[in-house]
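For reference, the structure is listed below as structure tokens.
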Amino acid sequence: MTPAHFAFSSTFMLGLAGLAFHRTHLLSALLCLEGMMLSLFIALALWTLQLDSTNFASSPMILLAFSACEASAGLALLVATARTHGTDRLQSLNLLQC
Amino acid sequence: MNPYILATLLFGLGLGTTITFASSHWLFAWMGLEINTLAIIPLMAQSHHPRAVEATTKYFLAQATAAAMLLFASISNAWLSGQWDIHQMSHPLPTTLITLALALKIGLAPLHTWMPEVLQGLDLTTGLILSTWQKLAPFCLLLQVQPANATLLLVLGITSTLVGGWGGLNQTQLRKILAYSSIAHLGWMILVLQFSPSLTFLTLLVYFIMTFSLFISFKISNATNINTLATSWAKAPALTSIIPLILLSLGGLPPLTGFLPKWLILQELTKQDLAPLATVAALSALLSLFFYLRLSYAMTLTMTPNNLTATLPWRLPSLQTTLPLAIASSATICLLPLAPATAALFTW
């Protein structure tokens, strides 16, 4: 395991742990998701740089575009939950339990 | 919803699954999954009801996490072995991570908790898309990845069948029951995945047919809980006799289609010297059979004392088309005699 691999793996795992265990606000969950996607961006960009491959040069940008779409969908859902539930706390998302 | 936007979203649903089907590269497979998720989110949230929005949020969080984990595992695989091919996963760690990420995507047992809640918040048509079409792309990936260790898939499968049985026992909401039945069926598919992928595919398609006819018939009688189901005889008397057969087919009783996959899976497991596992799986099917039987009991086998709000609505012509239901329900009920032909379709 190279230092770069260790770095992006631990960043991703930190983001995943934040998403899984810090369940207070929807916004913080979305930020953790974004952090995970950015660590993947760094991983993909470093992989491309190491191999000097032109085939792969566009893949980090594709990843970034998709993660931006995902983040915008998440923010739209944040607005929707704020309008329907009155808050963005994940605790209030309890209508469907039984 | 604007028909142009609806057409775009449905096109996106099809496109995502097709991209995942056609890809041999992990990045494209991930792109297909993301397109799939992003296309169904507006469909799920279109009613602006608090329950729908909540279900969409939960679905989004689960699917986005699973997709990110999938991509992380494939990038790790690329760093470790230099391979992006789906078929050539050599390192065990990324393979295990990918299996777990796909399990989260389709809702297998230890990672299933989003599934009943999400399905509960949706209307029946979107729920149908969610529990059939959306499973197709992750399942196609799961079929292609070489399993890293045999026990992981077996544990996932047997936990799913057990949890799917236990979870549905105490439910009165039809959509939650459908979600738990989906979890149990996926467990059966995962049990046999590493021994016979063609059998898994057969089970998936039979499950699709059965779930399709059940969702459509619930939609025609407009039922979302057992109480409504009990008075639905006044609305569609023919459906009252069909739905119990569909339910028992889902439960896997012998003269009906649902028995075919269970039969073949139990045979395959016994062939692989896994008779204790096969026994536990067969017993866990009894748990599911209990709640299917309770649904058919409430619907057909007993007359409920509920008051009807309208007098005999079956006299009014129905506005919904029933041809798809007719085809799917006859396939659900009487495909078992065609078992050799059905099984031969899926051997490769």
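The values are calculated or read from the model by the stated rules, or taken from the named source; none is laboratory data. This one's a predicted model, so the numbers in the text were calculated from it and none came from an experiment. Glycine gets a Cβ as well: all are built from the backbone with ideal geometry, and neighbour counts include every protein chain shown. Each accessible area value is taken on the protein alone, full model and side chains, heavy atoms only, with ligands, DNA and RNA left out. Shrake-Rupley method; radii C 1.70, N 1.55, O 1.52, S 1.80 Å.
Enclosing the Cα atoms of segment B:133-189 in their convex hull gives a volume equal to 63 cubic angstrom per residue. Projecting label points 7 angstrom from Cα along Cα→Cβ for B:Asn307 and B:Asn222 puts them 1.8 nm apart.
Put simply, the C-alpha atoms of segment A:3-90 give a gyration tensor, and the ellipsoid matching it has half-axes of 30, 16, 5 Å, longest first.
For the protein assembly as shown, what is the charge dipole size about the Cα centre, in debye to the nearest 20, if Lys and Arg each add +1 at the Cβ and Asp and Glu each add -1 at the Cβ?
Computed charge dipole of the protein assembly as shown: roughly 1080 debye.
Global size of segment B:1-148: 15.5, 47 Å for Rg and Dmax (C-alpha atoms, Rg to one decimal, Dmax whole). Computed extension gain for B:Ala339 through B:His25, at 0.36 nm per residue and net of the alpha carbon distance, reaches 109.5 nm. Take the Cβ atoms of A:Leu49 and B:Leu80, set R0 to 25 Å, and the FRET efficiency comes out at 0.90.
Each of B:Leu323 and A:Ala76 was given a label point 7 Å from its Cα along the Cα-to-Cβ line. The distance between the two points is 3.3 nm. Computed over the Cα atoms of segment B:149-348, pair by distinct pair, the Kirkwood hydrodynamic radius stands at 17.4 angstrom. Distance between the modelled labels on B:Gln267 and A:Asn94, one decimal in nanometres: 5.1 nm (7 Å Cα→Cβ projection). Contact residues in segment B:15-48 (at least 40 Å² less accessible area with all protein chains than alone, 1.4 Å probe): B:Leu27, B:Trp30, B:Met31, B:Glu34, B:Leu38. For B:Asn225, the residues whose modelled amide H falls within less than 5 Å of its own, excluding neighbours fewer than 5 places apart on the same chain, are B:Leu174. Mind giving me the FRET efficiency for B:Trp166 and B:Leu6? R0 is 35 Å, r the Cβ-Cβ distance, nearest 0.05 is fine. Efficiency computed from Cβ-Cβ geometry: 0.40. Per-residue 3J(HN,Hα) values for segment B:145-160, derived from phi via the Karplus relation 6.51 cos²θ - 1.76 cosθ + 1.60 with θ = phi - 60°, read 6, 6, x, 6, 10, 5, 5, 4, 5, 5, 5, 4, x, 6, 5, 4 Hz in sequence order (x marks Gly and Pro). What's the whole-number percent of alpha carbon pairs in chain B lying beyond 28 angstrom? Tail of the P(r) past 28 Å holds 43 percent of the pairs.
Using a probe of 1.4 angstrom, how much of the accessible area of chain B is carbon and sulfur, in percent?
69
Mean silhouette area of the protein assembly as shown, derived from the convex hull of its C-alpha atoms and averaged over all directions, reads 22.2 nm². For segment B:67-103 versus segment A:34-98, the spacing of their alpha-carbon centroids is 19 Å. On a per residue basis, chain A carries 55 Å² of accessible surface, using protein heavy atoms and a 1.4 Å probe. Annotation: lysines with alpha-carbon distance below 30 angstrom to B:Lys176 (same-chain offsets under eight excluded): B:Lys58, B:Lys105, B:Lys135, B:Lys219, B:Lys235, B:Lys262. Listed values for segment B:322-332 are Karplus-derived 3J(HN,Hα) couplings in whole Hz (6.51 cos²θ - 1.76 cosθ + 1.60, θ = phi - 60°), namely 10, 5, x, 5, 4, 5, 5, 6, 5, 5, 5, and x replaces Gly and Pro.
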